[in-house]
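Structure first, then comments.
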Amino acid sequence: MGQYQHQYDERRQSQRVDLEADRIFLSWTDIQGNSRTDNAICLDISRQGILIEYSAPFVLGDELQITFNPNSDTQNSVRAQVCRCNESENNAKKFQIALQIL
């Protein structure tokens, strides 16, 4: 974390599941109304939210459809809304995006 470390109070009420960077499929409508799709990395998931890493930022409030295990027998999709978007600490060309499951 570099020379600065922050102490945070844990406010999560549900347990997180570390997915060890599982690839997921994203679908959304961009600002011009065009349907978009792309792959991203799921960093963790809980009952209420998902943390992903993606190559571009999203705007707070954007809605996405997230598909886990795409094109498989165990494929599952959820709708989620962006509640936080920050540049990744590990890679300046990536963004960590927190989503609330709808």
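The values are calculated or read from the model by the stated rules, or taken from the named source; none is laboratory data. Since this is a predicted model, take the numbers as computed values, not measurements. Because the Cβ atoms are built from the backbone with ideal geometry, glycine has one as well, and the counts that use them run over all protein chains shown. Remember, those area values only see protein heavy atoms, side chains included, never the ligands or the DNA or RNA. Shrake-Rupley method; radii C 1.70, N 1.55, O 1.52, S 1.80 Å.
Numbers at a glance
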| quantity | calculated |
| --- | --- |
| Residue in the range 57-69 that is under 10 Å from Ile97 (Cα atoms), modelled with pLDDT of 95 or more, open to solvent by less than 50 Å² (accessible area, probe 1.4 Å) and in contact with a strand residue (DSSP E or B) (Cβ under 8 Å, 6 or more places away or on another chain) present | yes |
| Single residue of the range 30-56 satisfying the filter (among the β-branched types (Val, Ile, Thr) and out of contact with any Asp or Glu (no Cβ under 8 Å at 6 or more places or on another chain)) that is least open to solvent (accessible area, probe 1.4 Å) | Ile52 |
| The range 70-89 - residue that is within 15 Å of Thr37 (Cα to Cα) and of a type in the set (Gly, Ala, Ser) and, of those, surrounded by the fewest Cβ atoms within 10 Å (Cβ to Cβ) | Ser77 |
